1. Explain nothing, just compute: Karplus ³J(HN,Hα) = 6.51 cos²θ - 1.76 cosθ + 1.60, θ = phi - 60°, for every residue of the stretch 200-207 in order, whole Hz, x for Gly and Pro.
2. Mind listing the long-range amide H neighbours of V227? Cut-off is under 5 Å, sequence gap 5 or more, other chains count too, H placed in the peptide plane at 1.01 Å from N.
3. Which whole-Hz couplings ³J(HN,Hα) result when phi for each residue of the stretch 209-218 is put into the Karplus expression 6.51 cos²θ - 1.76 cosθ + 1.60, θ = phi - 60°, listed in order with x for Gly and Pro?
4. Can you match Cα extents along the principal axes in Å to one of these, [x] 50, 47, 34; [y] 59, 39, 34; [z] 76, 58, 30, based on a calculation from the structure here?
5. Cα axis of helix 6-26 to longest principal axis of the chain: angle in degrees, 0 to 90, nearest 10?
6. Check cross-link reach from K127 to the lysines: straight Cα distance under 24 Å, and skip same-chain residues fewer than eight apart.
7. Show the residues, 5+ positions off or on another chain, whose built amide H is closer than 5 Å to the amide H of V264.
8. Less than 22 Å apart at the alpha-carbon level, and either on another chain or at least 8 residues along: which lysines does that give for K165?
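Please treat every number below as a calculation from the coordinates, not as lab data. Computed from a predicted model, the values in this text were never measured in an experiment.
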Amino acid sequence: MAEVNKATLDVLFLALKKSFNNALMRANPTWNQIATLIPSTTAANYYAWMEQFPQLRKWVGDKMIQRLQSQDYIVPNDDYEATLSVKRNHIEDDQLGIYPVNADAYGTTAANWPDKLIYDLVNAGFKNKCFDGQPFFSAKHPVAKTTYSNLLTAPLSIASQAEAKAGFGKAREMMWSLRDSQDEPLSLNPNILLVGPALFDLATSLMTTDRLEDGKPNPYKGAAKVVMSQRIKSTTAWFLLDTTQALKPFIFQMRKKPVFVSQVTSDSDSVFMRAEYLFGVEARGAAAYAFWQMAVGSTGTGG
């Protein structure tokens, strides 16, 4: 029988924290392939976006100052937690074998926390609005006196060259054709084909095969890197992204990295009322859409 005292609890905390940190380092999230990390030092970040991407012009007379446009795009940080209860009886009876395993799972969850936030944005991108007031994937993004689209319904296909062009080819053309409010090309470089599990094999084939199923050459071999996330819910939707710019299509806003915490004082409510010591994870942050120009989304439903 183990005596429950500060030394015992300190050893337990260190053991659980070690398991947590090991899992945190071992995890392999994918959010950083499609999102930019933006540090946060306040309750919320305010994003003022440029109306157009910066361009050099001939310097004649006074310089033309490009001011950030006020879009009232405010992203508040939210609190996140996961808490593990360790029963005092389990400490006294040396029944602690399962708790490091649980702490390991908490570490994995903490490492994948940004993934959840970012891919929730991806899943909701056909309806959730971005900084210009339109859904992130929309046919009506305003730029100066015109509108541009980053929305498709074409399925991702390798059935024929015509179908591949109508899907992936069209998405790439849309990104290459985008211009800013001064009618200058944005010089985008679509390099990520993002899909869920249902489209992974098809997307991989499209990016690697020499010929399509109709026997014609595949003009899209090697055109993009395939990134698959199990968090993408749709079995038909797919996304083409440019992640080569300073700002990727999505933002992960980090206010407080996941940290392992404990409440083990003998006079705490949890110990007095329930004979439980509490360990857990705390974090603060948020996710948001960046430039819609960096992404094309297709529902893949056709029509």
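1. With the stated coefficients, the stretch 200-207 comes to 4, 4, 5, 4, 4, 5, 4, 8 Hz.
2. Sorted by chain and number, the residues that satisfy this are L193, L194, V195.
3. 7, 6, 10, 7, 5, 8, x, 7, x, 8
4. [z]
5. 20
6. The reachable lysines, counting only those whose Cα sits under 24 Å from K127, are K116, K140, K145, K170, K233, K248.
7. Residues meeting the criterion, in which the H sits 1.01 Å from N, do not exist here.
8. K216, K221, K225
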